[in-house]
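Okay, structure first, notes after.
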Amino acid sequence: MGNFNVAIGWGKSFEDQLEEGNQRISANERVARLPPEARIRMQRVDSLKLSRSRMLAQLERATHKAHRDVLMKGLRAIEKEIKDVSAE
């Protein structure tokens, strides 16, 4: 009976993975239907958000004030560009 519970647990996880895969496909299909300009803008925002998360991680580890200042300046520039690109 214990093996049955493990199988059910695995089955649910597998079903969840399938559902997530289907959702990703649906999202990709929606993106594919966007006009090229909107797709490019979306990709740019995604790239900027990734850069922002990397910058935040570096900022958490930075110990020198000058380095933190440079990172903060870069972070503000990235956030401004995200705002600008999103507003287009």
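Computed from the coordinates by the stated procedures, all read-outs in this text should not be read as laboratory data. On a predicted model such as this, the values are computed, not experimentally measured, just so you know. Neighbour counts are summed over all protein chains in view; Cβ atoms, including those assigned to glycine, are modelled from backbone coordinates with ideal geometry.
The table below gives the values:
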item	result
In the stretch 58-68, the residues that are in a helix (DSSP H, G or I) and surrounded by 12 or more Cβ atoms within 10 Å (Cβ to Cβ)	GLN58, LEU59, HIS67, ARG68
Pair list, Cβ < 7 Å and 6+ apart or interchain, from the stretch 66-88 residues that are without any contact (Cβ under 8 Å) to a residue 12 or more places away in the chain to residues that are of a type outside the set (Ser, Thr, Tyr)	ARG68/LEU59; ARG68/ALA62
Of all residues making up the stretch 37-57, the number that are loosely packed, with under 15 Cβ neighbours inside 10 Å and of a type outside the set (Val, Ile, Thr)	13
